[in-house]
Every structure is written in structure tokens, then in C-alpha cells.
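Report on one structure; see the data block that follows.
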Amino acid sequence: MKEQLEAIRLAAEKGVSAALDEKQIEELRVKYLGKKGELTALLKQMGSLSPEERPKMGQLVNDAKAKVEALITERKAKLKEKATELKLKSETIDITLPEKATDVGGLHPLSIVTNDLIDIFQSMGFDVLDGPEVETDHYNFECLNVPEDHPARDMQDTFYLADKILLRTQTSAAQVRTMETRKPPIRIICPGRVFRADEVDATHSPVFHQLEGLVVDKGVTMCDLMGVLEQFAHEIYGDSVNVRFRPSFFPFTEPSVEVDVSCTECGGKGCRVCKGEGWIEILGAGMVHPNVLRSCGIDPDVYTGFAFGIGIDRITTTRYKISDIRLLFENDKRFLEQF
Amino acid sequence: MKVSLNHLKRYVDINVSAEVLCEKMPLAGFEIESVEKKGDGIKNVVVAKILEISPHENSDHLQICQMDVGKNAPVQIVTGAQNISVGDFVPAALDDSFLPDGTHIVSGKLRGVESNGMLCSGGELGLTEADYEGAEVHGILILKGEQIPGTDIKEALGLDDTVIDFSITSNRPDAGSFLGIAKEISVVLDTEFKAPEISYKTVGGDIDDYISVSVENIDLCPRYMGRMVKNLRIAESPDWMKKAIISAGMRPINNIVDITNFVMLETGQPMHAFNYNDLKDKKIIVRNACEGEKIVTLDGKEFNLTGDMLVIADGKNPSCLAGIMGGKESEIEDDTTDLFLESAKFRRDSVRHTAHTLGIRTESCARFEKGTDINNVEYAMNRALSLIYELNAGDIIDGAADIHGDLPENRIIKTTTDKVLELIGVDVPKDTMVSILNKLGLETKLSGNEMTVSVPSMRDDVEGRADLAEEIMRIYGYSHIKGRPMRGEVTRGKILPEREKSNKIKSLLTSCGMREIATYSFINPAAADMLGLSESDERRNMIKIINPLGDEYSALRTQLVSSMLSVMATNISRKIEGAKFFEISKRFFGELPLKSQPEEIPTLCLGIYGKDEDFFTLKGIIESLFKLFGAHTRYERAAEPYLHPGRQAEVYANNTLCGTFGEVHPSVAEKFGINERVYVAEIKLDVLYGINRRKLVYKPLPKFPAVERDFALLADIDTPVGELQKAISSGAGRMLEKIKLFDIYTGSQIPEGKKSVAFSVWLRSAEGTLTEEQTESICSKIVEKLQKAGGELRK
């Protein structure tokens, strides 16, 4: 019987090792280990053995069963692995085929820049306000220290809608509205759309965007203005740029300055971008004119303040090196998709 | 303002190069518009004297010249020009020389004859007639007068000059003159300023014997001054004056006219010269024009005048448009013998109004419009007389007509050094402050911290401590300002709810794959016709711009759709296959004629096209948008003229109409140049912004399973699916989880005039698993409601 067991075990092992797929393995399992399997049959024949031999033989048969069982499991796993491998291989794809497009959409570059600016000033504690696009002469000029016959009105060509009603030429109009309703300390920005009667060309648009900033408090100086603009410039143009003030004239500020940053292209050495000057003009600013404070009911002997106006379109065109401002309003999808 | 650097040196020591000056002046408030260096690029071109001319044996037109170029031996140059003769002084470009256009001249042979250079025309040296008389003559430039051969041509022609165009800000008209800018330069460079010396002698007589001067409108003419000059000796002006005039962009004419122009350029005060003998009745009357009066100006144009225009009239007619241009009749001509000379102040808005109405721009009116100093009137007059005397251009009669009201006194500003520094935040030494102000002509006395500043009328712009701060800083240097970080409470700034909501919308739309666009706020009013808006449509009442850039941009928009259609048309015409666009902007509505600020309605416009898009893409986006605001939506058929009559809807948020959307009417699309199906929506955002959304609270996930039941229905073909859906919803009540339409079918096996509609309905209870009986009871209620709505269960 021992020989018989050995023969069965060897045959089973041989069979399992040679099995080519799970179906064959299953047949072998039935053949040897099933209810009517050959090893099971051997167990049934043990009745013919002596009581002493029975446990020994039983042990041997069970060992053989376990061995075959393990072999079957192992072989099965191996075959499965092989099958998977084959399947995966057959499923290999050409990864250079085109992707399935996911249209993610996106904001207009002017919005992207506006949001960046808002974020910078919000983090410095500026509230974000909005003002009407159609303004009265009163808010757009008069309260900003630009009386009727003032030469400053020559500087801007205004779109008029009716007597004393116009499309705002600057977000500064929002300054006055703010100071009329809020009392110092005031710290606000007002981003928005402004209008000037400029003929359309590569650098001029009758519709453009500004961000006005205003701070009014006791003891505010030009050093505070410089501090805020430096932080702004560093966030927009990088930490290494320098900021400088150049005297200028705006009717609503005194002193008035143009603000330059060292050229981001050449670092200030002078190049084509900065026309050899080493500096790029980025915005106008100044200390709020005492007349403006006064016209808003704020005592200029007690409070001082500063204001600045940033050209959003200009920052957008310089940031992305857009050579023609008209592209911003043409809305070619291939242009918009780049942002 | 253009000014010659060489000329400026008459008034101020300029101890730095033009380049350095151009770096320094912007930091003091005077930007440089342009710098023109005459003779740039000219190298090794000298004055040469023609010693001998002989014919070229191989050419009819070439001549061989022996030239004295200041060297030991003559130089031989071959030229094709015919306008030269022996003894002429001409420019000669020698071997290895350069012309302004970059041409390199070297020795060579011309038809076999050695030529060691080239004789130059004015054009080849980059000159125009304004630079040098005869520069544009055909042929070689013949230099005037006796010259020294070998002299650098730039020196001989006065090309060693630099003309700088300073930009003068509108608050500083006083700096817009040779003297004004020279004064500023002297302060910036800290060098001496030398005002021109004024002195002249008169020949006796009395102006009153010659002319009577009266001012009828002292309001528009606060000061009028006149002098008489007899026995004019009209001639050419001296070179220095002509050059100064040319470099400023004007043309020299004769000594008298040039003196008036030069004095204007030098002092900023426009002057006018009348031919005395043409003045009727020997009267000068400053008055308003009579309605219907006419004047022919110096340039020969005739103008009809109105009562609001100020003129200088003689006893009969207007003889000059005050501050703008003189009349042809009293023009100074070569044979004029006697002169009435005017220096006056006219109110700037009056000059601007008249010049603008008549469409005239002159150097004079530009200065009056910017504002002139009433106290400069007399100075300029004396300067002009001094030049007339110096140039011996006429005999000055004694006495002046000078009509004016009270002349302004110096403005006195009392403040403290602390008050001034408080604005700047920089500790400028007191002495420095005082010294800067004094140099600028703002006479300042200091006592302790108390400052007393006396401001002359020419610096009318200096009103208080802020102006003093600016004057000090622009000279002391803004580079002294060091940035200081924001102080005070450090909190993040707040944002208005509308902006926050608009940001939310933008973020939703971009995540739907939409691209934001930006278009102009003004449109062509013809858009109303292109969209087919009815005559009574309120969107036809567009607010018009009084001074538009053209019809195309002449009306504020009352709808965003036409801009969107134009953008889609552009993209389609560029063969871009599909796009989803949105814009958030304002629409403007106001009662016409406009009396107050119009209403600005924040509005969203959507525009989509492409092969996978349709009405329902748009509806899906709108549904998501309204869900974002927690709004309950309802759709009704709409009647927008620009939309497809069968494929458009109105959308309501919580029963308030918010907008319309749908497929664009093909004939409207065609008008915009679009030949495919495009879809637009216009949504008023104020309604959505106004919804106060309840605070978002999480709903627990379901614990019990849902039951799914399908309903296959037969309904009239006109029955809206939405009605059937509503019926299911009302039948299922609280147990309804979701309804999904999975099939609509018409055709074979469906009776004529009917359609088959199939829904899957999910029912779920929060309390427990629905039993068979519960489910059946709900379903029978659904069937009942469906029947009422016109949907029969298919057997």
C-alpha cells in the first residue's frame, strides 16, 4: 500500500507540474483529492490494515494529500499570475495616442491679475470696494480737486453721457465716495473698469482697468506709501526689484509721484524693454491733496493719507509679454486658453 | 517744450553732460520726452574750400575739384554736382568718414579718376531748411560767409547742439519757458541762474497821442498792456535768435515777429504785434465779438464769431482773436513802419473755449490755456522792448497803456517744519528746507519751527504745506524715502458680497469648462436692429456717448448678447471648432435724456457653440449656477426676438424672472456672420446676489436601501415632459429620491400624435426599508397623478 501511495503521489505531482491551465488543475484536484479521488480511495482501503499500521498509514496518506494540495495551490497561483501577465501584455496601449480632452475653462487674464492684486492688498488689510462706472462730474473731477477750468481736465479725454454725467476716467472717483461714508482709519482698494476717449491701438484702449488704493489715518507719510508699494512690487515683480519715486502731478495728490520699478528684464542696467533707462513706470501715487480730504469732510490738519492708481491692463500685458492690448478684448479662444 | 541746450547756457551754467542732465531732471519732476542731438552720426566731415574745378575727361557730368581741407596739400574729390564754383565753402566727407544714415565714405576711383572723399548736400548731412538755409537746395550745400577750411562741419553748422524736449506738468506753466526751465535746472544743478539784462531807451513822444486803449471785459482780460514802436527797421533776426526759435519748433520770419515769438518762448508770455497803420480810428478795444462779426486770421482763414468770444478790435472791426491769433489785416509785413505791441493776460477758459470752438491751435493759445502769470505781462513787454532796442529794430515811444484791476500779492503760507515733514516721513534738515525753497523763488523765513513762505503769483500752484513738501522733496531727492511696512491693526481686508458671489460664479463656470471673456461696455446702437428688438423694447433706450470714438462704440449696452455673438463670430471665422464663453459685466439703464446716474445691472452672459453643444448644455450650466445660490428654478417658454422661437426659455429663481436662454435665431446669427447653431443666455445677477442662502448643513447619508421602479408612459406628443416629472414628484412626496428620464420615443408601435416616455424613479425612506405594500401604494399614487397630467402607463 505504501508503494501504491508513493506511485499515486508521484503521478499527482507530475500531473500538477505539467498542468497548463486552471481547468486541468481542477481536473487533477478531483482526480486525486475529490470524494472519489485516488488518495481519498486509499484512505477508504485502510480498513484492511492492522490497528497498529492504520494510524501510521493514515498519517502518510494525509501527508501526501497535503503535499498534493499545496502543490495544486501553488501551481494555480502561478498559472493565474501567468494568465494575468499575458492578459496585461495583450492590453498594452500606444501611450502617444492623443488624450481625451478635458476642457477646464479659465478666467480672463485681466481677472487673474485683478485677483492677484486684490489678494496682495487684502492681506495688507485693505478692504475691497466697488464703485459705479458711470460717474458724475462731482465725484470724478470736482471733489478730486479738478475744478471746471483746471488744466488737469485737459489731460484726460472724457466720454460724456450728459451734462455732468460721464464714464469714469479713473477709479479715484471711488476715493471720494469712500471718504464720504467711512471715517478714518480708511484702508481700501477699488478695482474696476475705466474709460478714456483714446483711439484704439496696440497700447491704447478706450476701456481699461485700474485699481485705486487709499489710506487715511493720523500720521500717514510717504514712507508708508513706499512701504505698501514696495510690498506690492515685490509680490508682482519679484523680491529683487527696487522701487523709486519720481515727482509728478495729479490734481488729487500732493506731493504726487510716478512710481518706477527697476527693469525686470535687465535688472536696471538698461535694455530694450526699459528703453535704456533701467526703470519701468508702473503707477501714479501721492499724498491725498488737502482739498480732497476737506471736500470729503476730513480735516487735513488732523489726518493725512495716500492714494495710488495701478493700471491692471499694463501689469497684465507686461506680465505675459502681450504686445498688443487689443488681444485682451478680442477674446480669441486660443489666446484665452493660454492663461 | 523743446529747447536748445546751447541756448539754455545763456541763462544757466550747465556743468554736466546732456545725458546727466536728462537723468537728473526727471527726478525733479521734468520728464524728458525726447533728446535730439544734431549731427549725430557725422564723422570726419569738414569745411572745405574749392580751389580749382576741372572737367572729367571720361564723363559729361562729373567734375574734378581740388579742395583745401585745412591740410598742407589740397585733396582731390570728384563730384557730380553742378552748383559749385571756385571759392565756395562746402562740406567734404573725407576718406573714412561717416554720414548720419551710416554711409561710410572711403577713397576710390570714379571713372578712372582718384577721388578722396565726397562733397555733401544738406540732405546727406541730415539737414532741413530749418536747420540751415539752403539745406534743401538741389546740389551741394554752399556754406554762408567766410569759413575756416578743416573745421568740423558740426561746429560750422551749429550741429553741436542738443535739443531736449521737457515734459511740463500742467501745474507748472511757469516752467514752460526758456527762463522757467533754466531756473529749475539751476536749482537741480545748484549753479547760477542769470536772467537776461533788460534795458532800452525811448525816443520821447507819448503813447496817448498815438492810440487809445480800452478793455470792456476786464473779467476775460484781467490785464492789457500796449506800447508803440515807430520807424520799424524790419530785417532778418540774428542767428542766435533764429536758432532758438527753430529749436523750439517754430519758424523765423523777421526781427519784429521773431522778437514776439522769442519772448513768448523765453518768458512764457505770448505777445502780439499789430501794424499800427492798419488800426482804424487809432483805437484798441478789448471786447466780446458782436454776433455775426467776422475775422480773417493771419493764416488767411475766415471765421464767424459769436458773442462769447473775446477779440481785440480797432475802432471798426476785430483785429485779433484774443490770445489765439492775429488778423490778416493788421499783420506785420516787410514794409510796416509802425507797431503797436501787446502783452496781456486772457482768462484761460475763455481762450480754450474760443480756440476749441473755432478749431484753432497755436503756441499762444496753448500757453494761455495752461495759465499765464499776470505779473509776467510787464516783464515780457520790457524784454521785448529791450530786444527791439538791442537789435535796433525800431524807435520806442514813451508811455505804456496798462489796464488791469488789482494785481495779486504774494501768497503767504505759515506752517511749521514739522507739519511739512509729517507728510514725508523723512527728516530733512531745516536749513536745507529753507535753502531749497529760497532757490526755487519761494522766499522763506524760519523762526524756530515756524516757516513763513512768500509765494509769487507765478507759482500759484503752491498753496500749502503739501505743496511745500513736494517742492522740498523733488529737490532734496525722493531717494531719501525709505519704505515702512503697514502699521495698525493687521486684519485681512473685507470684500463686498457682490464681488464674492461673482467670484463664486466665475469659479463654477470655469469648472464647467467655460472661458471668461472681456468686451467693451459700449456698442454700436445698430445691435438693437441686428437682434431684432421690437420698437417698444426697453433695451432700445441706450444711453449714448456724446463724444464717441465712432458709431461702433457710441452706446452703453443694455444687453451683453450682441458682444457675445461678435466674439463667437470671430472665433468661428477663425475655424475654432467649439467654445464655451462667459462674461460678467454691467448693463446700463437710465431715463432719457439722462439726468442722473443710470442703473448699472450686473449681468452674466453665456455663449456656447460646437458639435456636442445644445440647448440642454446651457440649461445644465444654468441649473448648476442656480443651485449654487440655493435657488429653486422654473422654466417657461420665452419670446426673445433673437432666439429660436421653439428653443428658448425663461428661467426663474424662486419665482423671480432672471433671464432667458436658448438657441440663437438663425437669421440673427447670420447677421453676425455666424452660420452654425450657437446658444446664448443672459442672466441678471442682482436676483441671484439677493438670495440669502441658508447656512449649509450636512445631510446624513441614507441608512436604508432605495427601491427603483420604472414607469413607461404614453402621452400626447405636446405634453411637456416637465409636467409628467412634476406629477411623479407630487405622487411620490417625501419618499422621492430622484427621477431620471431614460427614454423618449415616437415612431413605430406608438400611436400617431403620441410619444413614449420612460422614467426611473428611486424611492427611499429615512425611517426604514420600504415594504412591498408601501412601495405599491406610492406607485399607485404616482400613476394616478400621471394620469391627471396626461400620462398613461404603457401596458
- prompt: Where nothing but the Cβ of Lys and Arg (+1) and of Asp and Glu (-1) is charged, how large is the charge dipole of the protein assembly as shown around its Cα centre, in debye to the nearest 20?
  reply: 7340 debye
- request: Taking chain A as the reference, fit the longest principal axis to its C-alpha atoms, fit the long axis of helix A:222-237 to the helix C-alpha atoms, and give the angle between the two in degrees, 0 to 90, nearest 10.
  value: 40 degrees
message: Counting only helical runs of four or more DSSP H residues, what would the 222 nm mean residue ellipticity of chain A come to if each run contributes -39,500 (n - 2.57) and the total is spread over all its residues?
response: -13000 deg cm²/dmol
- request: Would you mind ranking A:D332, B:D190, B:D314 by Cβ crowding within 10 Å, fewest neighbours first?
  value: B:D190, A:D332, B:D314
- line: Here the FRET efficiency for A:T96 versus A:D332, based on Cβ atoms and R0 = 41 Å and rounded to 0.05, is 0.90
Rg in Å to one decimal, and Dmax rounded to a whole Å, for the stretch B:44-169 via C-alpha atoms: 15.3, 64
query: Setting aside same-chain residues fewer than 8 positions from A:K35, which lysines have a Cα under 23 Å from its Cα?
result: A:K2, A:K14, A:K23, A:K44, A:K56, A:K65, A:K67, A:K76
- request: Please tell me the relative contact order of the stretch A:2-90 in percent, rounded to the nearest whole number, where contacts are Cα pairs under 8 Å and at least six residues apart.
  value: 36 percent
- request: Above 42 angstrom, tally the Cα pairs of the protein assembly as shown and express them as a % of all pairs, no decimals.
  value: 63 percent
message: Can you pull out the trypsin sites (Lys or Arg not before Pro) in the stretch B:221-306 whose DSSP state is coil and whose Cβ has at most 13 other Cβ atoms within 10 Å?
response: B:R233, B:K301
- prompt: Taking a temperature of 10 °C and a viscosity of 1.306 mPa s, what whole-number D in µm²/s does Stokes-Einstein yield for the stretch B:411-480 with Rh from Kirkwood over alpha carbon pairs?
  reply: 135 µm²/s
Förster radius 22 Å - calculated FRET efficiency between A:Q45 and A:D21 (Cβ-Cβ, nearest 0.05): 0.10
- line: Too long for a 25 Å Cα-Cα cut-off, among B:K38/B:K301; B:K619/B:K755; A:K218/B:K501; A:K218/B:K370; A:K333/B:K494, are B:K38/B:K301; A:K218/B:K501; A:K218/B:K370; A:K333/B:K494
message: What value in Å³ per residue do you get for the convex hull of the alpha-carbon atoms in the stretch B:1-92?
response: 174 Å³
- prompt: Just from its helices, what would the mean residue ellipticity at 222 nm be for chain B, if runs of 4 or more DSSP H residues each count -39500 (n - 2.57) and the sum is divided by every residue, rounded to the nearest 500 deg cm²/dmol?
  reply: -7500 deg cm²/dmol
query: Let a ≥ b ≥ c be the square roots of the eigenvalues of the Cα gyration tensor of the stretch B:388-532; is it rounded (a/c under 1.5), or, if not, prolate (a/b larger than b/c) or oblate?
result: oblate
task: Could you work out how far the C-alpha centroid of the stretch B:688-718 sits from that of the stretch B:2-73, in angstrom?
output: 87 Å
task: Considering the options B:G578, B:A527, B:L628, tell which one lies farthest towards the positive end of the dipole of the stretch B:497-689, charges being +1 on Lys and Arg and -1 on Asp and Glu at the Cβ, about the Cα centre.
output: B:L628
query: Could you give the angle, 0 to 90 degrees to the nearest 10, between helix B:615-628's Cα long axis and the longest principal axis of the Cα atoms of chain B?
result: 90 degrees
- line: With a 30 Å threshold on alpha-carbon distance, the violating pairs from B:K9/B:K154; A:K269/B:K194; A:K275/B:K419; B:K183/B:K419 are A:K269/B:K194; A:K275/B:K419
task: Filter the GluC sites (Glu not before Pro) in the stretch B:534-602 to those in DSSP coil with at most 15 other Cβ atoms within 10 Å of their Cβ, and list the result.
output: B:E535, B:E577, B:E591
- request: Can you figure out the FRET efficiency of B:S447 with B:R361, using R₀ = 41 Å and their beta-carbon distance, to the nearest 0.05?
  value: 0.25
task: Evaluate peptide B:422-429: per residue, the Cβ atoms of other protein chains within 10 Å of its Cβ; return the mean as an integer.
output: 5
query: By DSSP, what percent of the beta bridges with both residues in the protein assembly as shown are antiparallel, rounded to the nearest 5?
result: 95 percent
message: Please compute the modelled spin-label separation between B:R10 and B:E33, points set 7 Å along Cα→Cβ, answer in nm with one decimal.
response: 2.2 nm
query: Listing B:D160, A:D201, A:D94 from the residue with the fewest other Cβ atoms within 10 Å to the one with the most, what is the order?
result: A:D94, A:D201, B:D160
statement: Everything considered on the Cα gyration tensor (a ≥ b ≥ c; rounded for a/c under 1.5, else prolate if a/b is larger than b/c, else oblate), the stretch A:109-336 must be described as oblate
statement: When A:T316, B:T79 are ranked with the fewest other C-beta atoms within 10 Å first, the list becomes A:T316, B:T79
task: DSSP loop (so not H, G, I, E, B), at most 12 other Cβ within 10 Å: list which trypsin sites (Lys or Arg not before Pro) in the stretch A:83-168 pass both filters.
output: A:K100
Relative contact order of chain B, defined on C-alpha pairs under 8 angstrom at six or more residues apart (%): 8 percent
Shielding by partners - mean other protein chain Cβ count within 10 Å, residues of A:119-125: 4
- request: Measure off 7 Å from each Cα along the Cα-to-Cβ vector at A:V30 and B:V721, then give the distance between these two points in nanometres to one decimal.
  value: 5.2 nm
query: Put +1 on the Cβ of each Lys and Arg and -1 on the Cβ of each Asp and Glu in chain A; which of A:S240, A:L10, A:A174 then has its Cα farthest toward the positive end of the dipole?
result: A:L10
message: Test of understanding: express the Cα radius of gyration of the stretch A:2-90 as a ratio to 2.2 N^0.38 Å, with N the residue count.
response: 1.29
- line: Taking every DSSP bridge whose two residues both lie in the stretch A:109-336, the antiparallel percent to the nearest 5 is 95 percent
- prompt: Can you give the longest stretch of chain A with no exposed loop site, where a site means GluC sites (Glu not before Pro) in a DSSP loop (not H, G, I, E or B) with at most 10 other C-beta atoms within 10 Å?
  reply: A:200-339
query: How would you classify chain B from its alpha-carbon gyration tensor, with a ≥ b ≥ c the square roots of the eigenvalues: rounded for a/c under 1.5, else prolate if a/b is greater than b/c, otherwise oblate?
result: prolate
message: Let me spell out the model: positive unit charges on the Cβ of Lys and Arg, negative unit charges on the Cβ of Asp and Glu, origin at the Cα centre of the stretch A:83-137. What dipole size does that give, in debye rounded to 20?
response: 660 debye
task: Taking only Cα atoms and a 10 Å spring cutoff, compute GNM fluctuations for chain A and point out the largest among A:L42, A:L166, A:L327.
output: A:L42
task: Compute the long axis of helix B:497-511 from its Cα atoms, compare it with the longest principal axis of the Cα atoms of chain B, and write down the angle in degrees, 0 to 90, nearest 10.
output: 70 degrees
task: Compute the length gained on full extension between B:L51 and B:K788: take 0.36 nm times their separation in residues and subtract their Cα-Cα distance, giving the result in nm to one decimal.
output: 253.3 nm
- prompt: How fast does the stretch B:688-752 diffuse by Stokes-Einstein, in µm²/s, taking the Kirkwood radius from C-alpha pairs at 37 °C and 0.692 mPa s?
  reply: 209 µm²/s
message: List the pairs from B:K24/B:K439; B:K504/B:K580; B:K2/B:K328; B:K242/B:K280; B:K24/B:K482 whose alpha-carbon separation is above 22 Å, in the order I gave them.
response: B:K2/B:K328; B:K242/B:K280
- request: Please average, across the residues of B:497-503, the number of beta carbons from any other chain that are within 10 Å of each residue's own beta carbon, and give a whole number.
  value: 2
statement: Mean projected area (nm²) from the convex hull of Cα positions in the stretch A:175-268 is 7.9 nm²
- prompt: Taking the Cα centre of each part, how many Å lie between the stretch A:157-208 and the stretch A:254-299?
  reply: 18 Å
query: Placing +1 at every Lys and Arg Cβ and -1 at every Asp and Glu Cβ, with all other atoms neutral, what dipole size does chain A have around its Cα centre, in debye to the nearest 20?
result: 3020 debye
task: Express in whole angstrom the spacing between the alpha-carbon centres of the stretch B:382-430 and the stretch B:205-271.
output: 20 Å
- line: Mean Cβ-within-10 Å packing, highest first, puts peptides B:87-95, B:434-442 in the order B:87-95, B:434-442
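No lab work stands behind these numbers, since they all come straight from the coordinates. Fair warning: this is a prediction, and the values are worked out from it, not measured in the lab. All Cβ positions, even for glycine, are placed from backbone atoms using ideal geometry, and neighbour counts span all protein chains on display.
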